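Visitor: Sending over a structure as structure tokens; questions will come in a sec.
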Amino acid sequence: MQTTTATLAVPMRDFLPGLKARAAELDYPVTPTARGMSVAMYYGTLEVFEVDRVTTVQITSKDSVELLHLRDTLDWHLDQAGLKHCITWARMRAGPNPANLAIGRVERVMQISPSFTRVRLGGDYTRFLDGGLHFRLLLGPAGTGWPTTDDTGGTVWPGGVEAWHRPAYTVRKVCPEGSWMEFDIFRHAGGTVNDWADGLRPGDEVALTGPGGTGLTEAPWIGLIGDETALPVIIRMIEGAPAGTQGVATILVPSRADVQTVRTPEGIVLRWAFRDEGATLIEAFRATEVPAGPRYVFFAGEKGEAALAREHGVALGLKRGEIHALAYWTAH
Ligand SMILES: Cc1cc2nc3c(=O)[nH]c(=O)nc-3n(C[C@H](O)[C@H](O)[C@H](O)COP(=O)(O)OP(=O)(O)OC[C@H]3O[C@@H](n4cnc5c(N)ncnc54)[C@H](O)[C@@H]3O)c2cc1C
């Protein structure tokens, strides 16, 4: 286990309500401890207590990668709450690379269908073989180098974190030895990654952080509905479903030419829907018959569609934990 602590220059009573509200939103259990309270999060545990009237936060994870993920998450929430300046992390170690950074080189760039480019990176991706399915691609200011670690274990972003574009992507495949991984980029107009992919050549260095996000689901019935950006995660959820899983999946793509071959286990039906034939993601969800009983619905698409999907989930009587309707991108 890996642990680090931080002190917060605010009384515990100013910090706890926001933390509890956020934990409730995200479905994280909150329990009292001998010295304060703890929140069981996806990547570890966060305990809050007071020492000599100073609010102390201790985070514990199974390894340094997950610890850094948890720390970044807490930093992000404090930033959102306007409290980022109040936190001081304990000194840990300085090092050349953050624990969650993976630097590799492009081995291949393949145009697998009109709208999708597959990138294969060679490097050490063993830690992506299980756990979270996603990562963040790091596109930073030219010539500044990759992020490093300061003496509290935090990430130092050359040029400042705001100068970095860090969109989330999904690991499509990792070879069994972990020496290469692939991801699929949906090519949409106006995207930073779109332009970056145009210039990508074998041998180019590519950095990413991860893994992150949720892993595979074990629900006996799954309903998966997603657009181009969720194609990789839905295919992974289908291919990684435990034997005997029942379910139905719909993937929305621009046209029939973007259909991919998927090894679909018995019990799961995969349908494709096409934008050029007038299909929409929310209609695909509304057309999905969701059974009673143990079930899990995963929906991912544009932010507005995810909001509609949450409403539809409520109308279907889906409870917390039975549905995740996620915004994978935002239309501007
Ligand atoms: C957990 C997670 C996993 C993801 N996995 C993948 C993946 O494996 N493959 C993948 O292609 N995407 C994936 N996405 C979506 C991807 O992160 C976003 O589409 C992101 O905005 C791409 O960055 P960009 O540089 O292309 O565009 P940005 O610079 O973020 O945005 C530029 C412009 O493009 C528009 N835009 C962004 N996405 C789309 C879109 N899909 N269609 C149309 N316009 C768009 C924006 O509205 C904006 O106007 C994932 C997202 C999440 C949250």
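Visitor: Taking the condition within 17 Å of residue 104 (Cα to Cα), within 11 Å of the ligand (Cβ to nearest atom) and in contact with a helix residue (DSSP H, G or I) (Cβ under 9 Å, 6 or more places away or on another chain), does residue 252 pass?
Guide: So residue 252 fails the test.
Visitor: If you scan segment 245-256, which residues turn out to be of a type outside the set (A, V, I, L, M, F, W, C), under 13 Å from residue 296 (Cβ atoms) and surrounded by fewer than 23 Cβ atoms within 10 Å (Cβ to Cβ)?
Guide: 245, 246
Visitor: Also, quick follow-up: So which of 108, 35 ends up being touching an Asp or Glu at 6+ places or on another chain (Cβ under 9 Å), outside the structural domain of residue 137 (by TED's automatic domain parsing), surrounded by fewer than 15 Cβ atoms within 10 Å (Cβ to Cβ) and of a type outside the set (Val, Ile, Thr)?
Guide: Result of the check over 108, 35: 35.
Visitor: Hey, can you tell me all the residues within segment 213-244 that are in contact (Cβ under 8 Å) with a residue 60 or more places away in the chain, over 15 Å from the mean Cα position of the chain (by Cα) and surrounded by fewer than 21 Cβ atoms within 10 Å (Cβ to Cβ)?
Guide: Of everything in segment 213-244, those that are in contact (Cβ under 8 Å) with a residue 60 or more places away in the chain, over 15 Å from the mean Cα position of the chain (by Cα) and surrounded by fewer than 21 Cβ atoms within 10 Å (Cβ to Cβ) turn out to be 219, 220, 221.
Per-residue answers, yes or no, for (1) basic (Lys, Arg); (2) modelled with pLDDT of 95 or more:
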{"site": "95", "(1), (2)": "no, no"}
{"site": "98", "(1), (2)": "no, no"}
{"site": "109", "(1), (2)": "no, yes"}
{"site": "117", "(1), (2)": "no, yes"}
{"site": "120", "(1), (2)": "yes, yes"}
{"site": "123", "(1), (2)": "no, no"}
{"site": "146", "(1), (2)": "no, no"}
{"site": "158", "(1), (2)": "no, no"}
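Visitor: Pairs under 9 Å by beta carbon, first residue over 17 Å from residue 276 (Cα atoms) and free of Cβ contacts under 8 Å to residues at least 40 places away in the same chain in segment 245-263, partner part of a strand (DSSP E or B) and aromatic (Phe, Trp, Tyr), six or more apart or different chains?
Guide: Qualifying pairs under 9 Å: 245/221; 246/221; 247/221; 247/296; 249/298.
Visitor: Answer yes if at least one residue in segment 261-277 is basic (Lys, Arg), touching a Leu at 6+ places or on another chain (Cβ under 9 Å) and either in the same structural domain as residue 109 (by TED's automatic domain parsing) or more than 23 Å from residue 331 (Cα to Cα) (or both), and no otherwise.
Guide: No, segment 261-277 contains no residue that is basic (Lys, Arg), touching a Leu at 6+ places or on another chain (Cβ under 9 Å) and either in the same structural domain as residue 109 (by TED's automatic domain parsing) or more than 23 Å from residue 331 (Cα to Cα) (or both).
Visitor: Further, regarding this structure: Please determine, by comparing only the residues of segment 306-332 that are farther than 24 Å from residue 23 by Cβ and within 11 Å of the ligand (Cβ to nearest atom), which one is surrounded by the fewest Cβ atoms within 10 Å (Cβ to Cβ).
Guide: Taking the candidates together, the pick is 332.
Visitor: Take segment 285-305 and flag every residue that is away from the ligand (no atom under 16 Å from the Cβ) and either in a helix (DSSP H, G or I) or not assigned by TED's automatic domain parsing to the domain that holds residue 253 (or both).
Guide: 285, 286, listed by residue number.
Visitor: Pull up segment 220-232, narrow it to residues that are touching a helix residue (DSSP H, G or I) at 6+ places or on another chain (Cβ under 8 Å) and β-branched (Val, Ile, Thr), then point me to the one that is farthest from the ligand (Cβ to nearest atom).
Guide: 222
Visitor: Out of segment 160-219, which residues are in contact with a Lys or Arg (Cβ under 6 Å, 6 or more places away or on another chain) and within 7 Å of the ligand (Cβ to nearest atom)?
Guide: Passing the criteria: 168, 183, 184, 194.
Visitor: Right, residue 151: more than 16 Å from the ligand (Cβ to nearest atom) and surrounded by fewer than 16 Cβ atoms within 10 Å (Cβ to Cβ) or not?
Guide: yes
Visitor: Quick one: residue 139 ticks every box in (1) away from the ligand (no atom under 13 Å from the Cβ); (2) surrounded by fewer than 19 Cβ atoms within 10 Å (Cβ to Cβ) bar one, so which box is it?
Guide: It is condition (1) that residue 139 fails.
The values are calculated or read from the model by the stated rules, or taken from the named source; none is laboratory data. As the structure is a computational prediction, the values presented were derived from the model and not from experiment. Positions of Cβ are generated from backbone atoms using ideal geometry, with glycine treated the same way; all protein chains shown enter the neighbour counts.
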